[in-house]
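The values are calculated or read from the model by the stated rules, or taken from the named source; none is laboratory data. Just so it is clear, the model here is predicted, and its values are computed rather than measured. Positions of Cβ are generated from backbone atoms using ideal geometry, with glycine treated the same way; all protein chains shown enter the neighbour counts. Protein only, heavy atoms only, side chains kept; ligands, DNA and RNA dropped before computing areas. Shrake-Rupley method; radii C 1.70, N 1.55, O 1.52, S 1.80 Å.
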Amino acid sequence: MGSILKAQKANASKAARAVDRKGKRKADDMMAFDDSDSEFEEKQELEAVSATKRRKNKQRVLLLSSRGVTHRMRHLMNDLEVLLPHVKKDSKLDSKSQLHLLPELADLHNCNNTLYFEARRHEDLYLWAAKMPNGPSIKMHVQNVHTMDELKMTGNCLKGSRGLLSFDKSFDDTEWGKLTKELFTHIFGIPPTARKAKPFVDHVLTFSIVDEKIWFRNFQIIEKDPLSPNGPPQMTLVEIGPRFVLTPIRIFEGAFGGATVYSNPEFITPAAIRTAIRKEQGKKYNIRKDAEQASSVRKEKRRRAEDELAVSKVFA
């Protein structure tokens, strides 16, 4: 009996050890499975973060103008619409004093940037570049406008292609230049996910600061010389158009209003320039009239008094 009890105890101890080992193995397997799940979740989170980073550039621009634009201004807007495939064009804004409606229009068109051309007196053109809905916004005076049809340059690019942005190093020298560069990057930088954009890069948009003015040019990128297509590649630039010059007037904190962040002290309005020109022309007229009056006064002084023995008096 004693040997039988000893054998049963030994078998029971072996069974208990086997159960412990199986339980430990299962726990270890569960821990390993949990670790693999956590690693898989981390990978999914990283992929989601990278995907969100890739889809970050979702810029859309609302393009519209005020009443009173001329044909040259309208052609410039059409050229910008062709260059920027992520632009949504809207009808003309009726009132020039109700600029607070523009953020609502941009929201209705699902746009986060706005280019607004404001025409004054059918000859002065101002450009508003604003970030929606909270700003900032820049008001600029547009000068020396030359459209694509007017220039007739030999350069050409694919419609809807994405263009490179080239900024002069002078933008980094001033605070208003840095802000303008960032805003122009959002507006003129074509996102790869734009609906009308094509996956080609064949032109470059250049922004340069000369005499406190921003000069805009558009060039085609040619990798080979057309005269020798079989020769070595040579990178050249050929201007396409349009071209214009922007004079920054004022930078506002909000969208089309708010506190003034920067004001250009050297800017003179075109109306003041025309008034000064008219005054100069008026000065010439006044000088000529004063000279005529002085001449008549001198003639009166030189005239002799009438003689008492004159024929007209003696034989009157």
Any residue at all in region 231-251 that is out of contact with any His (no Cβ under 8 Å at 6 or more places or on another chain), surrounded by fewer than 17 Cβ atoms within 10 Å (Cβ to Cβ) and more than 30 Å from residue 82 (Cβ to Cβ)?
yes
Residue 122, sole failed condition from (1) of a type outside the set (Gly, Ala, Ser); (2) closer than 23 Å to residue 249 by Cα; (3) outside any loop (DSSP other than H, G, I, E, B):
(3)
Among the candidates 68, 135, which residue alone is closer than 19 Å to residue 182 by Cβ, open to solvent by 10 Å² or more (accessible area, probe 1.4 Å), touching a residue at least 24 places away in the same chain (Cβ under 8 Å) and among the small types (Gly, Ala, Ser)?
135
Determine whether residue 158 is in contact (Cβ under 8 Å) with a residue 60 or more places away in the chain and either open to solvent by less than 90 Å² (accessible area, probe 1.4 Å) or part of a helix (DSSP H, G or I) (or both).
no
Quick one: in region 171-181, of everything that is in contact with a helix residue (DSSP H, G or I) (Cβ under 6 Å, 6 or more places away or on another chain) and closer than 15 Å to residue 211 by Cβ, which residue is surrounded by the most Cβ atoms within 10 Å (Cβ to Cβ)?
177
So how many residues does region 134-155 have that are part of a loop (DSSP other than H, G, I, E, B), polar (S, T, N, Q) and within 23 Å of residue 252 (Cα to Cα)?
1
Flag if residue 111 is part of a loop (DSSP other than H, G, I, E, B), surrounded by 15 or more Cβ atoms within 10 Å (Cβ to Cβ), at pLDDT 90 or above and not β-branched (Val, Ile, Thr)
yes
Does at least one position in region 120-128 carry a residue that is open to solvent by 70 Å² or more (accessible area, probe 1.4 Å), of a type outside the set (Ser, Thr, Tyr) and closer than 28 Å to residue 192 by Cα?
no
Any chance you could count how many residues in region 81-101 are in contact with a helix residue (DSSP H, G or I) (Cβ under 9 Å, 6 or more places away or on another chain) and open to solvent by less than 60 Å² (accessible area, probe 1.4 Å)?
6
Flagged pairs (Cβ under 6 angstrom, 6 or more apart or on separate chains; first in region 212-239, touching a residue at least 24 places away in the same chain (Cβ under 8 Å); second basic (Lys, Arg) and crowded, with 16+ Cβ neighbours inside 10 Å) are 217/243
Checking the structure you have, find out if any residue of region 146-153 is closer than 17 Å to residue 242 by Cα and in contact with a Lys or Arg (Cβ under 6 Å, 6 or more places away or on another chain).
yes
Every residue from region 63-79 that is of a type in the set (A, V, I, L, M) and not in a strand (DSSP E or B)
69, 73, 76, 77
Pairs with Cβ under 7 Å, 6+ apart, first in region 177-202 and free of Cβ contacts under 8 Å to residues at least 40 places away in the same chain, second among the aliphatic types (A, V, I, L, M) and surrounded by 17 or more Cβ atoms within 10 Å (Cβ to Cβ)
177/209
Yes or no: region 253-264 includes at least one residue that is open to solvent by 100 Å² or more (accessible area, probe 1.4 Å), free of Cβ contacts under 8 Å to residues at least 24 places away in the same chain and out of contact with any His (no Cβ under 9 Å at 6 or more places or on another chain).
no
Restricting to region 182-213, give me the number of residues that are outside any loop (DSSP other than H, G, I, E, B), open to solvent by 60 Å² or more (accessible area, probe 1.4 Å) and not charged (D, E, K, R).
4
